[in-house]
1. Tell me the GluC sites (Glu not before Pro) within the range 153-262 that lie in a loop according to DSSP and have at most 12 other beta-carbon atoms within 10 Å.
2. Please report Tyr105, Tyr32 as a ranked list, fewest other C-beta atoms within 10 angstrom at the top and most at the bottom.
3. Relative to the longest principal axis of the chain, what angle (0 to 90°, nearest 10) does the C-alpha long axis of helix 144-153 take?
4. By counting other Cβ atoms within 10 Å of each Cβ, how are Val17, Val87 ranked from fewest to most?
5. Given [x] 39, 19, 17; [y] 39, 30, 18; [z] 45, 24, 13, which label gives semi-axes √(5λ) of the Cα gyration tensor in Å as computed from the coordinates?
6. When the dipole is taken about the Cα centre of the range 38-292, and only Lys, Arg (+1) and Asp, Glu (-1) are charged at their Cβ, what size is it in debye, to the nearest 20?
7. Which order do peptides 264-275, 48-59, 165-176 fall in by mean Cβ count within 10 Å, highest first?
8. Just want to confirm a number: the relative contact order over the chain, from Cα pairs under 8 angstrom separated by 6+ residues, in percent.
Amino acid sequence: MIAQKVRFRLLDAIIVVALLGLAGWVYYRIAYGIEYKANWGVIPQYLLRRDGATGRLVANYLVEGLLTTLRLSVWSTLLAMLVGVLVALSRTSSSLFWRLVGGAYVETIRNLPPLVLIFIFYYFVIDQLMPLLGLDALLSSRSMGALRAIAWLFADPSLLTQLISGVITLAFFQGAYISEILRAGILSIERGQREAAWSLGLSKLDTMRFVIMPQVVRRVLPALANEFVNTIKYSSIASVVSIQELTFMGRQVVVATRAIFETWITVSLMYMTLTLTLSLFTSRLEQRLRARD
């Protein structure tokens, strides 16, 4: 495939100038229209702080929130992919029962807002499920090293219930959309390829693993990348159940400093860092997969 040259045209210049003008107008309205005095000097101390015991720079509120958002997004994405694959397979199954189950799940989740779902999971499911699993007793019997590992991989043990609630909610919410993307990809594969694989002696499972799914991933990767980015953005709703992710920490900084615009602009840039990094990674992956074809 021959790469096309990117040309900067007059229309592009007009759009850039218009965007710069809009940014300047917004800054003017903030600085002079509502007489807001910006104080960017307070932001760095909420990114990093110096530890009193060791004297080293360690993460403070905003960076800690960014790390929690990253953990929440990673685990939610992995679980959402698992849910999406299972539901997509059920939706394309020859069994009417599994098609109905998958369809009911997708239609239920797609027609409920994620904020309602997180309250349902937190107050009615997780709050009842955790005592049955004996998670508190299990954590209390762990060594300090194990607890530090749990805190690094997931969250502080005292906040693990909230994190699990957020992960399950985001995973089941995003899983519905991912399943539809995968279902569309599976149905786009010509039936002749399945029949050819079966004639070679491959089972239905092996046909799905080695013939269908590799092609599906290449075809739907851009759409999947969009849902992965959405998972990062939707993680902000987890702040309503006291998960100390980036939006939650941003609110704490606003309360402490009254630096409203500075804090939320910083939080926005931190979210963009995550989403743009993911977008660039998936774009490179898409190019590599396309080059193999």
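We did not get these values from a lab; they are worked out from the coordinates using the rules stated. Remember, it's a predicted structure, so these values are computed and weren't measured experimentally. Because the Cβ atoms are built from the backbone with ideal geometry, glycine has one as well, and the counts that use them run over all protein chains shown.
1. Qualifying residues, ordered by number: Glu190.
2. On the way: Tyr105 19, Tyr32 9.
Placing the least packed residue first, the sequence is Tyr32, Tyr105.
3. 80 degrees
4. Numbers: Val17 10, Val87 25.
In order of increasing Cβ crowding within 10 Å: Val17, Val87.
5. Comparing each candidate, only [y] matches the computed number.
6. Numbers: 23 positive and 14 negative charges, 141 e Å.
The dipole of the range 38-292 has a size of about 680 debye.
7. On the way: 264-275: 15.7, 48-59: 9.9, 165-176: 24.7.
Ranking, from highest mean packing down: 165-176, 264-275, 48-59.
8. On the way: 273 pairs, mean separation 75.0, N = 293.
RCO, the chain: 26 percent.
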